[in-house]
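Read-outs throughout are calculated quantities, based only on the coordinates presented, and are distinct from any laboratory measurement. On a predicted model such as this, the values are computed, not experimentally measured, just so you know. Don't worry about glycine lacking a Cβ; one is built from the backbone with ideal geometry, like all the others, and counts go over all protein chains shown.
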Amino acid sequence: MKYRRFSPHFVIKDGIHGLGVFTTADIKKGKVLFKLKGTILDHPTRTSVQVGKYQHIEDIIGAHVNHCCQPNTKVYKRSHVFKSSRNIKKGEELTFDYSKNEASLAAPFRCECCGKKVTGQKK
């Protein structure tokens, strides 16, 4: 399996649902995992992460953090960081809940956790 290392703690590699970000070490709850860096857009794309009302960042690592209804990370919009929301074991895929972070999605999809359509935050 091919992968690309982005820090001592993360690799992007093939997962069950395509590319994902996986840990290479155990991570404690509350740890800052990485800061989103990249182009800020005024609209969502398939790979952007929302950090403000009309602010979506295209970040190489953030683009590969997949959705989960029971995520192990959370996006802190004001500081543009991902933090662990629970202890994460080595080899585990990083995930966040798109429906709690994104106002709307450029490409809504059916969630593989619960079967519901994920379109963004409920109004």
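Tabulated data
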{"read-out": "Out-of-range pairs (alpha-carbon distance over 21 Å; input Lys83/Lys116; Lys13/Lys100; Lys74/Lys100; Lys37/Lys89)", "value": "Lys83/Lys116; Lys13/Lys100; Lys37/Lys89"}
{"read-out": "Cα centroid separation, the range 10-46 to the range 100-117 (Å)", "value": "17"}
{"read-out": "The chain - mean residue ellipticity at 222 nm from DSSP helices (-39,500 (n - 2.57) per run, n ≥ 4, rounded to 500)", "value": "-500 deg cm²/dmol"}
{"read-out": "Of Val21, Val49, Val11, the one that fluctuates the most in a GNM where the chain has Cα springs shorter than 10 Å", "value": "Val11"}
{"read-out": "Distance between modelled label sites at Lys53 and Arg78, nm, 7 Å Cα→Cβ extension", "value": "1.7"}
{"read-out": "Difference of contour (0.36 nm per residue) and Cα-Cα distance, Arg46 to Arg86", "value": "11.8 nm"}
{"read-out": "Summed side-chain charge close to Lys35 - residues other than Lys35 whose Cβ falls under 11 Å, Lys, Arg +1, Asp, Glu -1", "value": "+1"}
{"read-out": "Selected from Gly18, Gly62, Gly38 as most flexible by GNM, with the chain as the system and alpha-carbon contacts under 10 Å", "value": "Gly18"}
{"read-out": "Relative pair counts by distance (%), Cα atoms of the chain, 10 Å bins", "value": "13, 47, 35, 4, 0"}
{"read-out": "Within the chain, longest stretch clear of exposed chymotrypsin sites (Phe, Trp or Tyr not before Pro) (DSSP loop, no more than 15 other Cβ within 10 Å)", "value": "55-123"}
